[in-house]
Amino acid sequence: MKTIVKIFYWLLGIIALLVVVAFLLPKTYKVERITFIKSNPDLIYNLTSDFQQWNLWVPWTKEVDSSAVFEMTGPAAQLGTSWKWNGKILGNGEMVLTELIPDQLIGYDLAFNQGKYRSKGKIMLENMGDSAKIVWLDEGDLGYNPMNRYMGLFMDRMMGPDFEKGLAKLKKIAEERNSWPKIEEVVIPAQTVIMVLDSAGPSEYATVMGKAYGDLYGFLRTGKLTQAGAPFATYVRWDSVTMFSVMNICLPVEKADKGKGRILISSFPEHKAVKAIYFGPYSKMEPAYRAVAQYIKESGLVEAGGPSEIYITDPMMEKDTAKWETHIAFPVK
């Protein structure tokens, strides 16, 4: 009996000692990792301020937990937008954007296990010439629970490796995108157009497009129509081997009643698109097309029709092909 009593008091003593030690441990914790990326802060900010882009670089994805369900509530890259998840491995949690300073700072509140565990995170960007310094940190208050105080000793080991993996992936993606044109997710408004349906092979594009726009602008003048946007061409079919395409060559107008001959009246509904802003000659746009296609794939979007080339610069007015601005827009859903 005395032995049992001694063991009991020893256990009480050990527990008391552990509790005392717990209150001597730090009340807060901080996990921080730093990397340097050869890219501009604007590009990195776009990748980190939009939760829809996080699946590109954070290690917490369906590849880790196939059972996980992710949900974003609110507009992309806006204060108050939340990102929730629930999975067997990742558990349940939520991030809410609380602070945004373009090209400088992303702040968020983080909660796990139905809000039982809370912390605050930041991603800070500092321009350093041709590079950017990225600091990713997470800070939390451990409160007075002794177990939480001991858990605080392991937070760096638990979260740090994931921060390192995420920053390494972010660096890879951002540096690969340095050579890309500017890419945006946009909503293209509904348009009424006068258009010509035509086709061309690689040696015929200039002739076919030139004749079509000659006809369209002639119809615009004689019909006393009002142009309502930049001319564009939408590709209906495309053969990547022969470079042969069928396309709608279009000119937006405020309104039009009926066409004439091969000139048709049509309308395009409002739609979401991924758009690249390209500068240069038409003959060298292929890398921009590839960049948009890769962006769509990495972002988990789905193409919803043929791409359009929107001709912002009039080549008859600007002879320097390096200054020709063309927007390449892929409809997506």
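The fewest-to-most ranking of V208, V236 by surrounding Cβ atoms within 10 Å reads V236, V208. Where the only charges are on Cβ atoms (+1 Lys, Arg; -1 Asp, Glu), what is the dipole of the stretch 149-283 about its Cα centre, to the nearest 20 debye? Charge dipole, the stretch 149-283, about its Cα centre: 160 debye, nearest 20. In a fully extended conformation the segment linking D130 and Y289 would gain 54.7 nm over its present Cα-Cα distance, using 0.36 nm per residue.
Once the C-beta distance of V241 and V302 is scaled by a Förster radius of 30 Å, the resulting FRET efficiency is 0.80 to the nearest 0.05.
Residues Y282, Y29, ranked from the fewest to the most other C-beta atoms within 10 Å, line up as Y282, Y29. Rounded to the nearest 20 debye, the dipole magnitude of the stretch 22-178 is 460 debye, with +1 charges on Lys and Arg beta carbons, -1 on Asp and Glu beta carbons, and the Cα centre as origin. Note on the chain: dipole from Cβ charges, positive end direction compared against Y295, V241, F70; the farthest Cα belongs to F70. Screening the chain for DSSP H helices whose Cα atoms reach 27 Å or more along their own axis and whose mean Kyte hydropathy is at least 0.0 gives 2-24. Computed over Cα pairs, the Kirkwood radius of the chain leads via Stokes-Einstein (1.567 mPa s, 4 °C) to a diffusion coefficient of 54 µm² per second. Listed by Cβ neighbour count within 10 Å, with the fewest neighbours leading, M124, M159, M195, M317 appear as M317, M124, M159, M195. Between K38 and S203, residue separation times 0.36 nm minus the direct Cα-Cα distance comes to 55.5 nm.
With 26 Å as the limit, the listed pairs K275/K319; K120/K272; K211/K272; K116/K172; K297/K323; K88/K116 have K120/K272; K211/K272; K116/K172; K297/K323 beyond it between alpha carbons.
The tail of the calculated P(r) for the stretch 183-331 beyond 26 Å holds 24 percent of all Cα-Cα pairs.
With Cα atoms defining each centre, the stretch 310-326 and the stretch 194-227 are spaced 17 Å apart in the structure. For the chain, the Cβ-based charge dipole about the Cα centre amounts to some 860 debye (Lys, Arg positive; Asp, Glu negative; other atoms uncharged).
Computed per residue of the chain from DSSP H runs no shorter than four, each worth -39500 (n - 2.57), the mean residue ellipticity at 222 nm is -9500 deg cm²/dmol.
Just so you know, all these numbers are worked out from the coordinates, no wet-lab data involved. All values derive from a computational prediction rather than experimental measurement. Here Cβ is always computed from backbone atoms with ideal geometry, including for glycine, and neighbour counts include all displayed protein chains.
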